């Protein structure tokens, strides 16, 4: 009979286990705890949407839409796309589910997202993000709230050292129009020296030339006009309010006048938390204000600001996390006490104490097997004078945990 070949894991995906899983879980647990402190409600949205949700919100000319989306027709002939990010789906839900009545609305979510790109360190085709959004709040205070949340998250994860908040303003619509015209004029004057990719962006998305990584483009991009010369008084006041709020909250920041978002619906604040500890993939959390996004999906003018962070990248910055809390091993060293061991483990678990029963295999070897798991304590059930003898041994639990174990069990067991 021919041997069946085991299928390989699909390129760009990952199986998360052991210490990697503990890092991963710590990011999610810390995010959930911190978002509760800031009163962000948890939301769940579909893993796929109608393709137009992303095409209209992310932009037809972006690499995500043109090259990286997992798009497929379903059996009914509709074009569906696995979500490459969360913001568009949340904006769609805000409109279709009538969530406008709850504005301003502070939302948080997490889960898998999908992009077909070249896998590399910390970047996968199926990866995971945490995401925080505020919809219906046009005030600078919403930007400050989100940035303070992000800053506290990084601090509580213990990875804030060496991570810098880079901040810029994209101004209001009037500012963007004036700056865009100035950028087009500047880049047109250097058209012959631009890379092929930047020539394509010049017609459709000229601001993206500013963050080009091509060495040919850098001198031209670096000499382009800054946005500050085109800021309206209202746009300048908005940015000043954001930076004043960050200063008041104790959040350190640096101005990066070359930090941009190419799509027209982005307004005012743009930001990235960056580090040099991940090589070329230095951004660990990024976002901005997108006051025109809901309109691009057919809704009314709606303020919005948000950020997302890759769980894998955050997890890579963590120290080795501790293993799960100490487990109490209940060992039946006599088959006559197997059911008693099962009963005791059930009592412990119902009392919130992690426990495992060792009731299989050779009775003589069960205790040795239990010790190999490095439990916090063992309860050994053995026979003495034709009666059950129970002993609490190898204790590596805190005093209060020992008391909790004793309280969970019948007095006849651990007298």
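The values are calculated or read from the model by the stated rules, or taken from the named source; none is laboratory data. From a predicted model like this one, the values you see are computed outputs, not experimental measurements. Please note: Cβ atoms are built from the backbone with ideal geometry, for glycine as well, and neighbour counts cover all protein chains shown.
Of the residues making up the stretch 60-72, those that are at pLDDT below 70 and touching a helix residue (DSSP H, G or I) at 6+ places or on another chain (Cβ under 6 Å) are 61, 64, 65. Residues in the stretch 205-251 that are out of contact with any strand residue (DSSP E or B) (no Cβ under 7 Å at 6 or more places or on another chain), in the same structural domain as residue 263 (by TED's automatic domain parsing) and over 20 Å from residue 176 (Cβ atoms): 244, 245, 246, 247, 248, 249, 250.
Could you tell me whether any residue of the stretch 195-211 is closer than 18 Å to residue 305 by Cβ and modelled with pLDDT under 95?
Our first condition is that a residue be closer than 18 Å to residue 305 by Cβ; within the stretch 195-211, this holds for none.
No, there is no match, as no residue in the stretch 195-211 is closer than 18 Å to residue 305 by Cβ and modelled with pLDDT under 95.
For the stretch 115-150, the tally of residues that are outside any loop (DSSP other than H, G, I, E, B) and closer than 22 Å to residue 90 by Cβ stands at 21. Out of 364, 374, one residue alone is closer than 13 Å to residue 333 by Cα and surrounded by fewer than 15 Cβ atoms within 10 Å (Cβ to Cβ). It is 364.
Annotation: residue 185 fulfils all but one of (1) assigned to a helix (DSSP H, G or I); (2) surrounded by fewer than 17 Cβ atoms within 10 Å (Cβ to Cβ); (3) in contact (Cβ under 8 Å) with a residue 12 or more places away in the chain; the unmet one is (3).
Which of the residues spanning the stretch 74-114 are assigned to a helix (DSSP H, G or I) and over 17 Å from residue 286 (Cβ atoms)? Across the stretch 74-114, the qualifying residues are 89, 91, 92, 93, 94, 95, 96, 99, 100, 101, 102.
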